[in-house]
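*Asks:* Could you have a look at this structure, given as structure tokens, before my questions?
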Amino acid sequence: MWQLFQIEVFKIFRKPRTYLAFAIITGFIFLIQLGLLLNGKEFFSFVLGSVNDTMDVDYKSLINGYAVCFAILNLLLVHVPILVALVAGDIVSGEASMGTLRLLAAKPVSRTQIILAKFSASALYILIMLIWIAFTSLFLSLVFFGSDNLMITKVTDIRIIESGDVMWRYYCAFGFAFIAMLVVAALALLLSTLSENSIGPIVATVGIVIICTLISEMEIPIYQKYIRPYLFTSYMLGWKGFFYINFNDDNQTIKGSIENLPAVLKSIGALVSYIVLFVTASVVIFKRKDILS
Amino acid sequence: MAVILSVNHLSKRFKDITAVDDLSFTVNEGDVYGFLGQNGSGKSTTIRMLLSLVKPSAGEINIFGKSLFTHRSEILKNTGAVIEKPDLYKYLSAYQNLYLFAKMSGIKVTRQLIMEQLEMVGLAERANSKVKTFSQGMKQRLGIAVALVHNPGLIILDEPTNGLDPQGIADMRNLILQLSKKRGKTIVVSSHLLSEIEIIANRILIINNGKKIVEGNATELFDPAKTLVKITTGNDIEALEKLRKSPWKDFINSNETISLTINKNKIPNLTADLIAMEIPVLSIVPQHSLENYFLSLTNQTGHVAAFSN
């Protein structure tokens with residue numbers, strides 16, 4: 001299994017497509033950083049909206065590395081599933097269309113091992129991609145913009161997180177994003193086992209993520225009550241929960257607190273359940289599959 | 001001689017289509033076993049079942065005396081295969097492809113082993129070239145190296161000469177013969193070309209519509225007494241009339257073209273008689289295609305099963 005995992009990792013990182021994702025992420029983050037460096041005040045002024053009318057905002061301290069990273073993640077994490085699908089959606093079906101799946105499946109390794117090795121390799125790819133996102137969006141932003149307190153808005157609330165209380169929240173947020181992206185990888189893997197061409201599962205994964213995200217975000221009561229709880233996309237933005245800090249009775253933020261930890265944990269539980277469901281289904285389907293490609 | 005592969009009452013159905021129907025055969029140690037059939041006859045499905053790529057609907061497969069269904073991993077460790085086209089990872093080099101597949105076969109892989117295999121198939125100088133730059137023949141040779149790198153006892157080659165030029169076909173034929181004679185490998189090789197199988201196989205199975213038509217020794221099956229000879233003349237209608245009045249009339253197969261099923265040794269006599277009858281002969285060609293072989297079986301005996309053992 002370890003050997004098979006190494007082989008799958010080797011194959012992923014030998015594909016030019018893999019590096020395309022890193023190039024896109026790097027370019028995108030650089031563009032945001034450049035934009036905020038040049039017009040950060042206008043951007044945050046727009047984000048804060050009516051808050052500008054009720055309080056005097058110190059933009060000099062507001063525009064710091066933590067805030068820039070938060071803005072980047074808000075914009076970027078919605079689109080990372082596309083990059084995940086690009087690699088994971090191709091992982092079985094790409095081999096089928098290339099004709100190598102029959103060689104692989106005729107080797108003395110079980111089909112369960114093949115699927116688990118492929119999923120684990122996708123997980124490593126996601127992990128490396130998120131570390132890269134963390135490096136470029138968080139650490140480079142801290143270098144370019146410096147560090148200060150992080151101001152977060154939630155509906156009409158404004159919460160200030162002290163600079164010393166921010167970093168661990170980012171670690172948790174990236175950990176959460178890793179689990180969320182694993183769901184996308186597991187879904188792409190499942191669709192990949194059903195197809196024999198590379199493009200179909202990638203497009204289908206992206207399509208499902210987009211449609212489910214739209215339904216999750218729709219403010220239609222019947223959808224929110226009966227459909228939303230069953231959509232994995234409803235839990236994917238749970239990373240923000242780590243930044244919703246609690247208040248005490250004096251309306252002061254409590255260092256090290258999370259406003260609704262059970263909700264965050266519930267999201268993690270739901271996402272892990274989806275991963276197990278999708279990977280199990282992939283194994284069952286792949287084990288039964290006649291390889292005719 | 002030990003039985004290496006034994007297939008019993010194997011069937012495969014895809015919804016309404018029966019691709020393989022109650023097929024049974026055995027391959028002995030050291031055999032070059034020719035697996036013949038026209039395109040769509042069920043050869044590839046059978047081979048995929050032998051490699052556990054396709055699940056049989058019924059039947060048993062035993063390789064090295066063990067059931068493929070219960071000892072899959074153990075059996076595949078000692079089996080090498082080229083399945084139809086030699087599709088490999090195009091974005092990897094020949095060396096990397098061979099290295100990966102050798103690793104997957106569960107053997108200890110060294111640079112020396114990989115280079116020896118590449119040397120054997122004449123690709124050592126292109127070891128670091130990406131497979132996407134290879135010709136079909138080179139890919140096929142690399143596919144053979146992948147099949148042989150773990151030194152398997154049983155080698156399964158599905159249409160190994162597909163897409164090869166004449167030199168490539170000859171090289172492949174020589175390689176198969178070498179593997180059998182010098183290295184004592186047991187080889188199952190499928191083809192739709194009788195002429196190819198005739199040269200390399202010592203035992204042959206012919207299937208059609210998923211069913212066994214005939215199995216036996218090559219020397220018995222390709223009986224020279226049943227050679228189909230096709231004649232082209234300057235005037236086929238007149239030639240056919242003259243032949244119908246000659247002692248050759250009983251050997252004529254067709255009313256439209258001139259084809260006779262005769263003993264191969266009689267071809268010189270036939271040629272002499274045609275000249276004596278003043279028939280303007282343009283060509284006399286013994287036919288070797290599988291289609292014609294099937295036709296000869298059908299026409300000689302009334303039904304193809306007449307050759308069954």
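*Asks:* Given Cα pairs under 8 Å that are at least 6 residues apart, what percent is the relative contact order of chain B?
*Replies:* Averaging sequence separation for qualifying contacts and normalising by length gives 20 percent for chain B.
*Asks:* Further question: For chain A, what's the relative contact order in percent, using C-alpha pairs closer than 8 Å and at least 6 residues apart?
*Replies:* 24
*Asks:* Right, another one. On full extension of the chain, what length is gained from B:Ile107 through B:Lys66, given 0.36 nm per residue of separation minus the C-alpha to C-alpha distance?
*Replies:* Working it through step by step, the gained length comes to 12.7 nm.
*Asks:* Now for a separate question. Calculate the mean, over all residues of peptide A:7-20, of how many other protein chain Cβ atoms lie within 10 angstrom of the residue's Cβ.
*Replies:* Per residue, the average neighbour count from other chains is 2.
*Asks:* Here is a further query. Please arrange B:Arg183, B:Arg141 by how many other C-beta atoms lie within 10 Å of their C-beta, fewest to most.
*Replies:* Neighbour counts put them in this order, fewest first: B:Arg183, B:Arg141.
*Asks:* Enumerate the residues in segment A:271-293 having an amide nitrogen under 16 Å from the point lying 7 Å beyond the Cα of A:Asn197 toward its Cβ.
*Replies:* The answer is A:293.
*Asks:* Taking 0.36 nm per residue of sequence separation and subtracting the Cα-Cα distance, how much length would be gained by fully extending the chain between A:Val272 and A:Phe46, in nm to one decimal?
*Replies:* 77.8 nm
*Asks:* Going by the alpha-carbon gyration tensor, a ≥ b ≥ c the square roots of its eigenvalues, is segment B:141-265 rounded (a/c under 1.5) or, if a/c is not under 1.5, prolate (a/b greater than b/c) versus oblate?
*Replies:* Since a/c reaches 1.5 and a/b is larger than b/c, the shape of segment B:141-265 is classed as prolate.
*Asks:* Provide B:His150, B:His9, B:His71 in ascending order of the number of other Cβ atoms located within 10 Å of each residue's Cβ, fewest first.
*Replies:* By the 10 Å Cβ count, ascending, the order reads B:His9, B:His71, B:His150.
*Asks:* Calculate for the protein assembly as shown the 222 nm mean residue ellipticity that helices alone would give, adding -39,500 (n - 2.57) per DSSP H run of length 4 or more and normalising by residue count, nearest 500 deg cm²/dmol.
*Replies:* -15500 deg cm²/dmol, from helical runs alone.
*Asks:* Near A:Lys289, which aspartates and glutamates are there with a Cα under 18 Å away, not counting those fewer than 8 places off in the same chain?
*Replies:* List returned: A:Asp90, A:Glu95, A:Glu196, B:Asp16.
*Asks:* Let me ask another. Where a Cα-Cα gap under 15 Å defines reach, which aspartates and glutamates qualify for A:Lys60, not counting those fewer than 8 residues away within the same chain?
*Replies:* A:Glu42, A:Asp148
*Asks:* Work out the FRET efficiency for B:Glu29 and A:Thr153 from their Cβ-Cβ distance, taking R0 = 60 Å, and round it to the nearest 0.05.
*Replies:* 0.20
None of the figures in this text is laboratory data; all of them are computed from the coordinates on show. It should be emphasised that the depicted structure is a prediction, and the values quoted were computed from it without experimental measurement. Counting neighbours? That spans all protein chains shown, and the Cβs are built from the backbone with ideal geometry, glycine included.
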